[in-house]
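Visitor: Here's a structure for you.
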Amino acid sequence: MSLETLRNALPEYAKDIKLNLGTLAAEPILTEQQRYGAFIAAALASRNAQVSAALIAEFGPKLSAEALEAAKTSAAIMAMTNIYYRFTHLVSNEDYAKLPAKLRMNALGKPLVDKIDFELWSIAVSAVNGCGMCLDSHEKVVRAHGVSTEAVQAAVRIAAVVHAAAAILDGEDAIRNAAPAQLAAE
């Protein structure tokens, strides 16, 4: 599977998503590693097998083994931390935010790639997972290291489009799977 196969799998009503996938695959404001890693991390965060397979097949070979592993690690660690920190941010009882997380997060401190790239991927995943606290934290780190607002925006745009592709394919699968069950019930 490839990016083109993924684009072709999307229905016509998702034409904007198809076009955005193509445009963002060549987004010049990010380095190739940043761009490809953002696609992979966002795909894994979006939890759709078809999207993940297509984007890992397309962009995985363009990354070093370490960068591919780091992009996957970003999705994994942020899956955990986004839930935890979103909880501490959303719950009314402020005592939880004062407690130590007591969760292993070594990957954040020692990523296998440049820390800025890992942080950008963490922003993309946090956008998919909807954790404002994590978005703020990672955005501050990259901005302090000179990353432009446009580069941060590009990583989030990738996350938004990848997530949209996953949502569309999940919805279409649900419709296809529901049709036989509805026919059988009638």
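Derivation of every value follows stated rules applied to the coordinates shown; laboratory data play no part. Being a predicted model, the structure only gives us computed values, none of them experimental. Here Cβ is always computed from backbone atoms with ideal geometry, including for glycine, and neighbour counts include all displayed protein chains.
Visitor: Using only Cα atoms and rounding to the nearest 10 degrees, what angle (0 to 90) does helix 65-90 make with the longest principal axis of the chain?
Guide: 80 degrees
Visitor: Rounded to the nearest 500, what is the 222 nm mean residue ellipticity of the chain from helices alone, with -39500 (n - 2.57) per DSSP H run of 4+ residues and division by all residues?
Guide: Using -39500 (n - 2.57) per qualifying helix, the result is -24500 deg cm²/dmol.
Visitor: Now a separate question. Size of the dipole of the chain about the Cα centre, Lys and Arg at +1 and Asp and Glu at -1 on the beta carbon, nothing else charged, in debye to 20?
Guide: Dipole size: approximately 400 debye.
Visitor: Run the reach check for LYS115 against lysines, Cα to Cα strictly under 30 Å, same-chain hits fewer than 8 apart removed. What comes back?
Guide: LYS62, LYS72, LYS98, LYS102, LYS140
Visitor: Something else: Could the peptides 37-45, 142-150, 129-137 be put in order, highest first, of the mean number of other beta-carbon atoms found within 10 Å of their residues?
Guide: 37-45, 129-137, 142-150
Visitor: Round to the nearest 10 and give me the degree value, 0 to 90, for the angle of helix 32-46's Cα axis relative to the longest principal axis of the chain.
Guide: Taking the Cα atoms of the chain, the angle to 32-46 is about 70 degrees.
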